[in-house]
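The values are calculated or read from the model by the stated rules, or taken from the named source; none is laboratory data. Since this is a predicted model, take the numbers as computed values, not measurements. Cβ coordinates were reconstructed from backbone atoms using ideal geometry, including for glycine residues, and neighbour counts include every protein chain displayed.
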Amino acid sequence: MKRKIYSKLLNWKNASRGQTAVLIDGARRVGKSYIVEDFARNEYKSYILIDFSKEDKQLKMLFEEQLSNLDTFFRMLSLIKSTKLYPRESVIVFDEVQQYPPARAAIKHLVNDGRYDYIETGSLVSINRNVKNIVIPSEEERLDMYPMDFEEFLWAIGQEDLMDYIRDCFASHKPIGPLHRKTMELFRQYMIVGGMPQAVKTYVEEMDFDKVDRIKRNILNIYRADISKYAAGYEQKVTQIFDTIPSQLQRHEKKFRIGELEKGARTRNYANAFFWLEESRVINVCYAATEPNIGLNLNRDDAKRKIYMADTGLLIAMAFSEKDIQQGQLYKKLMFDKLEINKGMLVENIVAQMLVATGNKLYFYSNSSHEKDDRMEIDFLVRKPSVTSRHNISPIEVKSSTHYTLTSLNKCINKFGEYLATPYVIHSADYMEKDGITFLPLYMTPLL
């Protein structure tokens, strides 16, 4: 399946010319290994793949004993892997590099040698156990990889030109008209299936939601196993946060309530657990900003945050039991928008997912003041591309139903007008502009 990160890898190869290695960082099962091997096969004369989750001690000993003599190192590596290496025409891939930190530390020495290119893949690459006693090489560039986005999903199901048309409509400030209903149906399919490549592949080939659901539950089981294995010392706290994400998002006010985990719980006591989940790329964290101005990070309130699943398809699998999905045909009802549930958590989660995938850090604004005019909740705050002296932040409200009010957004515009760029409402209807507010269909979110 076609992935956008392929072109980023190609840009790195052409720009770097062996001066840096690249590390692909992303959640487990997000497709890192597949796309990197596909890139190595297509763009180089030869490649060697070293999967540190499987390699035996013989290969690892090369890093322990032969790095001081790179001629011997490369000769032995070629023999072990039965692959000839060509200077400046071959790439060596360190897959799951977090499993063997000395290989990551060796990147500095290998890149400076200059003979070959190097690509690393990994998850949890910054937690203590995976960086202990090594120096992170300055010669390492980092690319983040996310679940498949809506456009990649469209490519996978054979709708290769639709997003280009949507992009043109967004640029010219016009609705997509007769195609809106079809696009929303495709978008609901994407939201239900999610962006994990194995789930998408199964859906494309089988068109069977039950089989897709089994794939997603297997992935969730892998995540839970990782928590038990790698979150040493605070695995219970990580599990508590992970398991309560659906119920926390189900509430009207979606701020994560730490007190629901255990009596007397404090945010500082869960700091390592939050970091572990964020670093694993299993969740997307949205932080509160005390003011909606350009210094969002300066105004960040770490005590208030919203926790979203990094993949909305996985959130749906978490939120409903396997019995509910199979016996109630829940997926089909979701696809045709016929399920009477609070869809707000799903819609807000997928908007967060799309914003993160396009490079945005997530912030929201919340004020619970007793003063009526100050009391408001803005779902997301997004910086505009170029900074000016005023009007830098776009407030975003996400609406899951067709009937809604804009009380908080109007309050925000009245109170913080000089800070604000275009205000947006993201909803299930078509593109529209009214009273200074731009109303975007959900599928245009990635274009912000």
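Determine, yes or no, whether Val131 is loosely packed, with under 15 Cβ neighbours inside 10 Å, in contact (Cβ under 8 Å) with a residue 24 or more places away in the chain and out of contact with any Leu (no Cβ under 6 Å at 6 or more places or on another chain). Criteria not met by Val131. In a residue-by-residue description of the stretch 382-403, the property of being closer than 17 Å to Thr438 by Cβ, at pLDDT below 95, out of contact with any strand residue (DSSP E or B) (no Cβ under 7 Å at 6 or more places or on another chain) and assigned by TED's automatic domain parsing to the domain that holds Tyr203 applies to at least one position. With respect to (1) touching a helix residue (DSSP H, G or I) at 6+ places or on another chain (Cβ under 6 Å); (2) buried (at least 17 other Cβ atoms within 10 Å of the Cβ), the lone exception for Ser53 is condition (2). Given the conditions (1) in contact (Cβ under 8 Å) with a residue 60 or more places away in the chain; (2) among the basic types (Lys, Arg); (3) not in a loop (DSSP other than H, G, I, E, B), and given that Arg281 satisfies all but one, which numbered condition is not satisfied? Answer for Arg281: the failing condition is (3). Taking the criterion of being surrounded by fewer than 16 Cβ atoms within 10 Å (Cβ to Cβ), under 22 Å from the mean Cα position of the chain (by Cα) and of a type outside the set (A, V, I, L, M), would at least one residue in the stretch 178-198 satisfy it? There is no residue in the stretch 178-198 that is surrounded by fewer than 16 Cβ atoms within 10 Å (Cβ to Cβ), under 22 Å from the mean Cα position of the chain (by Cα) and of a type outside the set (A, V, I, L, M).
When each of Asp374, Asp435 is tested for being in the same structural domain as Ile316 (by TED's automatic domain parsing), at positive phi and among the charged types (D, E, K, R), the lone residue that passes is Asp435.
Tallying residues that are in contact with a Gly (Cβ under 7 Å, 6 or more places away or on another chain) and loosely packed, with under 14 Cβ neighbours inside 10 Å within the stretch 204-226 yields 0. Among the criteria (1) surrounded by fewer than 21 Cβ atoms within 10 Å (Cβ to Cβ); (2) at pLDDT 95 or above, the one Ser126 does not fulfil is (2). For the stretch 137-156, the count of residues that are of a type in the set (Ser, Thr, Tyr), under 21 Å from Ala27 (Cβ atoms), assigned to a helix (DSSP H, G or I) and modelled with pLDDT of 95 or more is zero. If we scan the stretch 40-50, do we find a residue that is in contact (Cβ under 8 Å) with a residue 24 or more places away in the chain, crowded, with 18+ Cβ neighbours inside 10 Å and in contact with a Phe, Trp or Tyr (Cβ under 6 Å, 6 or more places away or on another chain)? Taking every residue of the stretch 40-50 in turn, at least one turns out to be in contact (Cβ under 8 Å) with a residue 24 or more places away in the chain, crowded, with 18+ Cβ neighbours inside 10 Å and in contact with a Phe, Trp or Tyr (Cβ under 6 Å, 6 or more places away or on another chain).
With a cut-off of at least 2 residues that are farther than 29 Å from Lys4 by Cβ and touching a strand residue (DSSP E or B) at 6+ places or on another chain (Cβ under 8 Å), name the helices (runs of 4 or more DSSP H) lying wholly within the stretch 185-268. Please lay out each step first, then the result.
Details: elements: 197-206, 209-230, 235-250.
Correct list: 235-250.
Please find, within the stretch 422-440, the residue that is farthest from Glu291 (Cα to Cα) out of those that are surrounded by fewer than 17 Cβ atoms within 10 Å (Cβ to Cβ) and among the hydrophobic types (A, V, I, L, M, F, W, C). So, considering only residues that are surrounded by fewer than 17 Cβ atoms within 10 Å (Cβ to Cβ) and among the hydrophobic types (A, V, I, L, M, F, W, C), the one farthest from Glu291 (Cα to Cα) is Ala429.
When Phe364 is tested against (1) modelled with pLDDT under 95; (2) among the hydrophobic types (A, V, I, L, M, F, W, C); (3) buried (at least 22 other Cβ atoms within 10 Å of the Cβ), just one condition goes unmet, and that condition is (1).
Considering the stretch 407-444, and only residues there that are out of contact with any strand residue (DSSP E or B) (no Cβ under 6 Å at 6 or more places or on another chain) and among the polar types (S, T, N, Q), the residue that is farthest from Asp374 (Cα to Cα) turns out to be Ser428. Collect the residues in the stretch 290-324 that are among the charged types (D, E, K, R), part of a loop (DSSP other than H, G, I, E, B) and closer than 23 Å to Ile413 by Cα, keeping them in residue-number order. Result: Glu291, single match.
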